[in-house]
2 protein chains.
Amino acid sequence: MNQNKNVAVVGATGAVGVEMLETLAKRNFPVKSLRLLASSRSAGKPMTYRGETIKVEELTKDSFKGIDIALFSAGASRSREFAQFAVDAGAVVVDNSSAFRMDPSVPLIVPEVNPEDIKKHHGVIANPNCTTIIMLVAIKPLYDLSPIKRIVVSTYQSASGAGAKGMEELEQQTAAVLAGQPAVPQFFPHPYAFNLFSHNTAIQANGYNEEELKMVYETRKIMHDDAIRVCPTCVRVPVLRSHSEAITIEQVRKVSVEEARAALAKAPGVKIVDDREKNLFPMPCNSNGQYDVLVGRIREDLSCDNGLALFVCGDQLLKGAALNAVQIAELL
Amino acid sequence: MNQNKNVAVVGATGAVGVEMLETLAKRNFPVKSLRLLASSRSAGKPMTYRGETIKVEELTKDSFKGIDIALFSAGASRSREFAQFAVDAGAVVVDNSSAFRMDPSVPLIVPEVNPEDIKKHHGVIANPNCTTIIMLVAIKPLYDLSPIKRIVVSTYQSASGAGAKGMEELEQQTAAVLAGQPAVPQFFPHPYAFNLFSHNTAIQANGYNEEELKMVYETRKIMHDDAIRVCPTCVRVPVLRSHSEAITIEQVRKVSVEEARAALAKAPGVKIVDDREKNLFPMPCNSNGQYDVLVGRIREDLSCDNGLALFVCGDQLLKGAALNAVQIAELL
């Protein structure tokens, strides 16, 4: 039986789409054929996959004939509009948008955390938000030692979370400021060069923005634990690509730093970077392009008897998006 | 009686020293004479105070004759070496370094928080660490509503905390990276352009760096409450001047968001920036050059019954250093 798959990438020209092609190739995903889909604006654009040139086609409801796996990363509204066409055509959709994540019939998967949930799919599998994925890869091995009751997390999110345009704006605006010109926001709502701002998603009635609430609700769904309480603060910092997170967790029993380190050392998808003597801890510059989530600053939470504190860093485009989606496709 | 003071600024040519001169002038501090002191390297350098040119003199043990108030901002080892000479000459020292902060005989003052402690001085008054000052100005009004038992704080610290050289390195390295050259760390231990790193102070046995432990111990001393437990994560982000902090507090009783906002609205040194509709919250670009600490994202801590969360931003060179020192001098 031929195990090779006909794969479609929706949003192929975006920052995540480009990384999806890279990741499929690097991980030797068994691709029989590859169809690259995007808006009409990008139709005809040539892209390269394993040395072969493939032209981008316009995404339509008829794009999915013969497709086995469709990787969607073109925003929630595109996913809502087109995912069902892919499912109807017999494909399994791995969706990187927020469209279906909280749908009870859609599994939300971090392969290192809840791979078994994939069996419950009805054609659509959701890829969690980047900040959630990176956090859960780091804390799941600790949850397995003792359940986590409470999480306080502050994020240091990169421009790439807003796609290629976000990264361009950061670079261009910073160059302007260094040349003595003003920082003029165009894509983001606030100045970004040498500045930071609260995550630019809408604020809900409880004062949390949508990015933060994703961390609250996706964590519970993926961990199958509605008792976990999460207090997130999501902040955009002038970093190009990797997200960092300062995490404190409170557990049912006290887990020692040594025990936590031992569990993290053998956890899949985790690389410990925790050299106190050299002051070397997770940094975006060392996380960019890496598959693993870097975990360091592993220490007791001085403010809580059963608490631990961590600092983690993950490539937002890879583990936060493209890699996790391809890993889900591999599970299929 | 003549209330005017003979003032010396030690470390006058540094980033904080320059802001001290600015702040003395802007706040019409009653200066009778001003002596600018620095290392022999800077001796003879002309600086401007209220349009008048003053030459920097070399700091020696004989520098303080006739001085009433000596503002020190030249690092802890200079303070340890020279502060006593100033006291012996009859001056009151306001020291911006960490040298005397935890000395039980030295008051550690944030004028908005514990001005009354100044009476206990024996010649030296310490200015707290920038991150501590900015945090306490924001949370003291909330402590007054109900004692704070626990603080979890993640910082987003600017280059200015490391002085003028830190700011220069960030600008020059960023320009190099934008020109396609590598980020070569010289002053800081890690790449800084479009990157972030754990605060570059030594890590202690418990895994916390010195900057973090300042927040732990200075908070207790200033608040006169040894029961406050603080879990800080101090991170250097590629921002030039203002420090930001994501703070969650747990209090003895539940304080509502409305009650907290009302207390902050009338608190000295605080400016509320909390426009949920416009997604406008404290940002370094709006805090730079400001005396007030900007406070926003005021919301319930979703992870704790009696908890509140905040995001604050303060000019590290002003409220975090020079302004606080001049305010202490004003209390004298």
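The values are calculated or read from the model by the stated rules, or taken from the named source; none is laboratory data. Computed from a predicted model, the values in this text were never measured in an experiment. As a convention, Cβ positions derive from the backbone with ideal geometry for all residues, glycine included, and neighbour counts pool all protein chains shown.
Does A:Val239 satisfy being part of a helix (DSSP H, G or I), facing chain B (nearest Cβ under 7 Å) and closer than 19 Å to A:Gln157 by Cβ?
Judged against the criteria, A:Val239 is not a match.
Collect the residues in region A:136-154 that are among the β-branched types (Val, Ile, Thr) and farther than 23 Å from B:Asp301 by Cα, keeping them in residue-number order. Before the answer, list the steps.
Here is the first cut: in region A:136-154, the ones among the β-branched types (Val, Ile, Thr) are A:137, A:139, A:148, A:151-153.
Passing the criteria: only A:Val137.
Please count how many residues of region A:84-98 are under 22 Å from the mean Cα position of the chain (by Cα) and either assigned to a strand (DSSP E or B) or surrounded by fewer than 24 Cβ atoms within 10 Å (Cβ to Cβ) (or both). Walk me through it before giving the result.
Filtering region A:84-98 for residues under 22 Å from the mean Cα position of the chain (by Cα) gives A:92-98.
Okay, now just the ones that are also either assigned to a strand (DSSP E or B) or surrounded by fewer than 24 Cβ atoms within 10 Å (Cβ to Cβ) (or both), so A:92-95, A:97-98.
Matching residues across region A:84-98 total 6.
Within 30 Å of A:Gln172 (Cβ to Cβ) and at pLDDT below 95: does that describe B:Gly161?
yes
Do we have any residue at all in region A:140-153 that's closer than 26 Å to B:Ile151 by Cβ and touching a His at 6+ places or on another chain (Cβ under 7 Å)?
no
Of the residues B:Ala38, B:Ala70, which single one is within 18 Å of B:Leu332 (Cα to Cα) and buried (at least 20 other Cβ atoms within 10 Å of the Cβ)?
Just a single option satisfies the conditions, and that option is B:Ala70.
Consider region B:297-309. How many of its residues are facing chain A (nearest Cβ under 8 Å) and within 24 Å of B:Glu112 (Cβ to Cβ)?
Adding up the residues that qualify gives 6.
State whether the residues of region B:250-261 include one that is out of contact with any Phe, Trp or Tyr (no Cβ under 6 Å at 6 or more places or on another chain), away from chain A (no Cβ under 14 Å) and at pLDDT below 95.
Scanning region B:250-261 turns up no residue that is out of contact with any Phe, Trp or Tyr (no Cβ under 6 Å at 6 or more places or on another chain), away from chain A (no Cβ under 14 Å) and at pLDDT below 95.
Of the residues A:Val216, A:Val184, A:Val177, A:Val239, only one is assigned by TED's automatic domain parsing to the domain that holds A:Val293 and either touching a residue at least 60 places away in the same chain (Cβ under 8 Å) or among the acidic types (Asp, Glu) (or both); which?
Working: A:Val216 fails: either touching a residue at least 60 places away in the same chain (Cβ under 8 Å) or among the acidic types (Asp, Glu) (or both); A:Val184 fails: either touching a residue at least 60 places away in the same chain (Cβ under 8 Å) or among the acidic types (Asp, Glu) (or both); A:Val177 fails: either touching a residue at least 60 places away in the same chain (Cβ under 8 Å) or among the acidic types (Asp, Glu) (or both).
It is A:Val239.
On the given criteria, is B:Val230 assigned to a loop (DSSP other than H, G, I, E, B) and within 7 Å of another protein chain (Cβ to nearest Cβ)?
For B:Val230, the condition - assigned to a loop (DSSP other than H, G, I, E, B) and within 7 Å of another protein chain (Cβ to nearest Cβ) - is not met.
From B:Ala38, B:Ala25, B:Ala15, B:Ala8, which residue is modelled with pLDDT under 95 and within 21 Å of the chain's Cα centre (by Cα)?
B:Ala15
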